[in-house]
Ligand code: SF4
């Protein structure tokens with residue numbers, strides 16, 4: 001029996017957590033399979049679709065053979081992701097035959113039907129109702145309210161102890177290398193009380209870490225003009241500072257992703273430094289570059305001029321803050337001098353965790369038309385030099401943790417070790433801390449205290465204390 005692949009959230013099918021879909025189906029119950037490609041934001045969409053289907057009485061199948069129809073949630077961000085999506089649709093057609101396509105690539109239906117004319121329906125991103133309509137058309141529901149019980153936390157594709165919470169969709173910026181605003185539209189934020197209600201429900205159901213995602217977390221609520229609503233008799237603005245403060249009161253770690261360095265990010269840092277708050281001292285900030293001219297050509301929302309000052313100000317308030325970022329090297333027109341500025345900036349900024357991409361044209365992106373594209377071998381050389389520096393910084397930062405005592409969350413336990421993460425590590429994208437002695441009583445989701453004994457390039461090893 002061929003198993004379906006879900007490859008969130010890091011696009012590595014071999015590393016992706018196993019989907020928790022195993023609920024027994026009753027005879028005659030229609031069953032749907034889901035292939036979820038792309039980023040954590042797409043993963044959240046897949047979870048929503050599955051939750052709705054489950055609520056309507058559909059069973060969920062982890063393999064093609066057990067499914068009456070298959071939904072493929074596609075990614076269209078890079079040309080390589082488009083090719084992967086087309087391939088996944090082809091596989092689902094071959095293995096199952098009844099295929100409904102949704103997600104980012106669904107914004108270009110002819111692109112899909114041109115290659116795969118037999119797909120039953122193509123819907124775009126966030127068109128939940130249309131996906132459900134297509135499923136109803138292909139495989140009518142057969143609900144039985146006495147046996148179809150929806151797990152209160154919905155259907156999760158991430159392990160039970162952590163969960164992504166999407167607070168807004170879309171983006172008001174126009175970065176030239178990005179087509180997300182074209183695919184996903186302008187910023188649309190969820191009401192703050194709806195986010196908090198979902199977060200509370202997740203925590204009540206055993207989630208110990210909430211990963212807050214969006215396209216632009218700092219901009220949360222801008223489209224709602226930061227409207228005020230009541231939450232537990234308190235007035236609450238739809239603003240990231242208010243939302244983060246409230247989320248930090250829940251009994252779970254709260255980690256912020258995709259935060260742009262706007263000035264008001266400063267207001268989040270004192271919350272991270274507060275011992276009473278569970279808002280982690282962790283910021284995932286996509287800086288992308290450090291040279292003002294490169295950033296201008298990218299049309300990035302926040303220019304770099306003051307980012308080093310901002311970083312220094314954050315660290316003055318919260319010395320333990322972990323900063324993760326992503327960068328693009330080889331952007332059209334990037335000169336050696338601009339690249340060198342980026343390397344020098346890295347020396348100053350001393351970021352803890354860094355991802356780096358070599359610039360790639362994406363169909364529809366405005367950066368494709370910029371002059372002076374950088375030759376492939378220069379991109380590769382810059383990537384190597386950048387990663388060498390980033391790795392040296394990460395190694396030194398991890399070495400400085402040896403001897404320190406800290407809390408870790410357990411992700412997995414097998415015969416050899418417990419794989420955990422410190423507060424500085426987001427699941428799937430950052431490093432791990434391994435405990436290889438006395439770990440037998442641990443289980444995923446436990447938060448325990450360890451002393452760090454050893455450090456490598458990206459990971460740590462430690463022993464339980466107390
Ligand atoms: S901020 Fe820029 S890179 Fe991020 S989603 Fe918006 S347009 Fe794309």
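General remarks:
- Residue ID - farthest from residue 204 (Cα to Cα), chosen from residues in the range 262-287 that are within 16 Å of the ligand (Cβ to nearest atom) and crowded, with 23+ Cβ neighbours inside 10 Å: 287
- Qualifying positions in the range 169-194 - outside any loop (DSSP other than H, G, I, E, B) and either within 11 Å of the ligand (Cβ to nearest atom) or not assigned by TED's automatic domain parsing to the domain that holds residue 239 (or both): 169, 180, 181, 182, 183, 184
- Test: residue in the range 448-455 that is on the phi < 0 side of the Ramachandran plot and without any contact (Cβ under 8 Å) to a residue 40 or more places away in the chain: no
- Search result, residues across the range 320-349 that are part of a loop (DSSP other than H, G, I, E, B), more than 16 Å from the ligand (Cβ to nearest atom) and modelled with pLDDT of 95 or more: 321, 330, 333, 334, 335
- Flag if residue 395 is under 26 Å from residue 259 (Cβ atoms) and within 26 Å of the chain's Cα centre (by Cα): yes
- Filter pass, residue 234 being more than 16 Å from the ligand (Cβ to nearest atom) and crowded, with 19+ Cβ neighbours inside 10 Å: no
- For the range 69-116, the set of residues classified as assigned to a loop (DSSP other than H, G, I, E, B) and touching a residue at least 24 places away in the same chain (Cβ under 8 Å) consists of 75, 76, 77, 78, 96, 98, 108, 116, listed by residue number.
- Boolean, residue 390 is at pLDDT 95 or above and in contact with a helix residue (DSSP H, G or I) (Cβ under 9 Å, 6 or more places away or on another chain): no
- Condition check for residue 266: over 15 Å from residue 196 (Cβ atoms) and under 21 Å from the mean Cα position of the chain (by Cα): no
- Residues located in the range 229-263, provided they are over 22 Å from the mean Cα position of the chain (by Cα) and within 21 Å of residue 187 (Cα to Cα): 229, 236, 237, 263
- Of 202, 211, all but one fail to be away from the ligand (no atom under 13 Å from the Cβ), farther than 19 Å from residue 268 by Cβ and in the same structural domain as residue 294 (by TED's automatic domain parsing); the exception is 202.
Conditions tested, residue by residue: (1) in contact with a helix residue (DSSP H, G or I) (Cβ under 8 Å, 6 or more places away or on another chain); (2) over 28 Å from residue 181 (Cα atoms); (3) outside any helix (DSSP H, G or I); (4) free of Cβ contacts under 8 Å to residues at least 24 places away in the same chain.
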residue	(1), (2), (3), (4)
212	yes, no, yes, no
223	no, no, no, no
226	no, no, yes, yes
243	yes, no, no, no
250	yes, yes, yes, no
258	yes, no, yes, no
270	yes, yes, no, no
282	yes, no, yes, no
293	yes, no, no, no
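- Scope the range 418-441; condition over 19 Å from the mean Cα position of the chain (by Cα), surrounded by 19 or more Cβ atoms within 10 Å (Cβ to Cβ) and assigned to a loop (DSSP other than H, G, I, E, B); matching residues: 439
The values are calculated or read from the model by the stated rules, or taken from the named source; none is laboratory data. Treat the numbers as computed from the prediction; the structure is a model and nothing was measured. When we count neighbours, we look across all protein chains shown, and the Cβ atoms used for this are built from the backbone with ideal geometry, even at glycine.
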